[in-house]
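Student: After the structure tokens below, expect a handful of questions from me.
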Amino acid sequence: MVQDQRPGNRVNHASGTIEIAGKTVHRLGFGAMRVVGPDLWGEPVDRAGSVRLVRRAVELGVDFIDTAAVYGPHVSEVIIREALHPYPEHVLITTKGGQTQSGPGVYATLGRPEFLRQECVLSLRRLGVDHIDLYQLHQVDPKVPFEDQIGELVQLKEEGKIGAIGLNEVTVDQIVAARRITEIASVENQYSITERKHEDVLDYCTREGLPFVSWFPLDMGPLAQPDSPLRDLAARIDATPAQVALAWLLARAENMVPIPGTSSTAHLEENIAAATVRLSPAQLKELNTAVG
Ligand SMILES: NC(=O)c1ccc[n+]([C@@H]2O[C@H](COP(=O)([O-])OP(=O)(O)OC[C@H]3O[C@@H](n4cnc5c(N)ncnc54)[C@H](OP(=O)(O)O)[C@@H]3O)[C@@H](O)[C@H]2O)c1
């Protein structure tokens, strides 16, 4: 086996690697939606703490960081730039466009080509780069022809502003339709041990060798709490419920890339240590029966 020589301490190296948009990254990533203000709106209460959190993720061996223009809005991208620019070559930062947030929790989908273009150009500016390795359509806008939304991303790729195109919260039919237009590098859908509505999408991506990024891997928190449905098994194997939730995901499929989000360094360290938690076939079966 080839020794993994990339920087960062060894914690995350046990999660294994996957190729996304031409870069080899560790499968346990970091979701940077929570480095912003309360209710995911505005500036973080502890800005320096948010910057330290992002740096700590990379120290722990995280090299896949998920963000979006709408997180804050704009704040998450700016914090990432402050924490990591100039970006280490091995780190893949992916961002997305196609959603608005006009007040705390007030979201809308907007996939008009001119907005997608503006989103991309402003993300380039905020991240301080002239090229985004992986740019994702945040949501398919049913009011705009699908081929126009994908078509604009193709245009941005041809101009060199983005390196690869990813999709979010899509059906198998939508992935197939997009792949008829252009190459798709990744799919990012909601998925956790307690929320498996996209099982068919995951299976399709596994068959096709497409990375599947799971958002809400802790089901937005309940899987990590003391009353988690995973607490009994966690106690037996000397792990935490959050670690069991993430270890289950990593074991579920080789193309699975969980991106747990947190605003806490202690939680980040706990979550990345899940890379070293191995569930036996019997334990996986037990979880699938009890929780699935
Ligand atoms: N593509 C999309 O449409 C989409 C949509 C939503 C999210 N996302 C991405 O997915 C990422 C993950 O989503 P998420 O952050 O909302 O959900 P999540 O990872 O399922 O859960 C995060 C929640 O769990 C808590 N938590 C995290 N680790 C914990 C631990 N070890 N112990 C106890 N509590 C813990 C966090 O609180 P603390 O802050 O207190 O740790 C937070 O409330 C986001 O950051 C974002 O990058 C993508």
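Student: Computed FRET efficiency, Cβ-Cβ of Ile181 and Asp227, R0 51 Å: what is it to the nearest 0.05?
Tutor: For Ile181 and Asp227, the calculated efficiency is 0.65.
Student: Rounded to the nearest 500, what is the 222 nm mean residue ellipticity of the chain from helices alone, with -39500 (n - 2.57) per DSSP H run of 4+ residues and division by all residues?
Tutor: -11000 deg cm²/dmol
Student: How high is the relative contact order of the chain? Use alpha-carbon pairs under 8 Å, at least six apart in sequence, and give a whole percent.
Tutor: Rounded, it is 18 percent for the chain.
Student: Identify, among Gln149, Gly29, Thr171, the residue whose Cα sits farthest towards the positive end of the charge dipole of region 11-213, taking +1 on the Cβ of Lys and Arg and -1 on the Cβ of Asp and Glu, with the dipole about the Cα centre.
Tutor: Towards the positive end, the residue furthest out is Gly29.
Student: Next up: I'm checking a number: the convex hull volume of the Cα atoms of region 1-138, normalised per residue, in Å³. What is it?
Tutor: Expressed per residue, the convex hull around the Cα atoms of region 1-138 is 104 Å³.
Student: Ok, one more. If the cut-off is 19 Å between C-alpha atoms, which lysines fall inside it for Lys23, apart from same-chain ones fewer than 8 positions away?
Tutor: Lys96, Lys157, Lys161
Student: Over 31 Å, how big is the tail of the calculated P(r) for the chain, in percent of all Cα pairs?
Tutor: 24 percent
Student: Ok, one more. Enter the mean projected area of the convex hull around the alpha-carbon atoms of region 75-212, in nm², rounded to one decimal.
Tutor: Projected over every direction and averaged, the Cα hull of region 75-212 covers 9.2 nm².
Student: Further, regarding this structure: Using a 1.4 Å probe on the protein chains only, how many percent of the accessible area of the chain belongs to carbon and sulfur?
Tutor: 52 percent
Student: Using +1 on the beta carbon of Lys and Arg, -1 on that of Asp and Glu, and nothing else charged, what's the dipole of the chain about the Cα centre, debye to 20?
Tutor: 400 debye
Student: Another one. Could you please tell me the mean projected area of the C-alpha convex hull for region 92-167, averaged over all directions and given in square nanometres to one decimal?
Tutor: Taking a quarter of the hull surface, the average projection is 5.0 nm².
Student: Any idea how far the Cα center of region 82-140 sits from the one of region 198-244, in Å?
Tutor: With region 82-140 and region 198-244 each reduced to a Cα centre, they are spaced 26 Å.
Student: Same structure, new question: Given H placed 1.01 Å from N in the peptide plane, which residues other than close sequence neighbours of Glu169 have an amide H under 5 Å from its amide H?
Tutor: Residues meeting the amide H criterion: Glu188, Asn189, Gln190.
Student: Ignoring solvent entirely, what values of log10 I(q)/I(0) come out of the Debye formula for region 161-205 at 0.24, 0.27, 0.33 Å⁻¹ when each Cα is a single scatterer?
Tutor: Reported log10 I(q)/I(0), two decimals: -0.84, -0.99, -1.29.
Student: How big, in percent, is the set of alpha carbon pairs in region 181-283 lying more than 21 Å apart?
Tutor: 33 percent
Student: Full extension from Asp148 to Ser102: what is 0.36 nm times the residue separation minus their Cα-Cα distance, to one decimal in nm?
Tutor: This chain segment gains 14.1 nm when fully extended.
Student: Amide H to amide H, which residues 5 or more places from Gly163 or on other chains are under 5 Å from it, using H placed in the peptide plane?
Tutor: Residues meeting the amide H criterion: Ile132, Asp133, Leu134, Tyr135.
The values are calculated or read from the model by the stated rules, or taken from the named source; none is laboratory data. Note that this is a predicted model, so its numbers are computed, not measured. Cβ atoms come from the backbone with ideal geometry, glycine included; neighbour counts cover every protein chain shown. Only protein heavy atoms, including side chains, enter the accessible area calculation; ligands, DNA and RNA are left aside. Shrake-Rupley method; radii C 1.70, N 1.55, O 1.52, S 1.80 Å.
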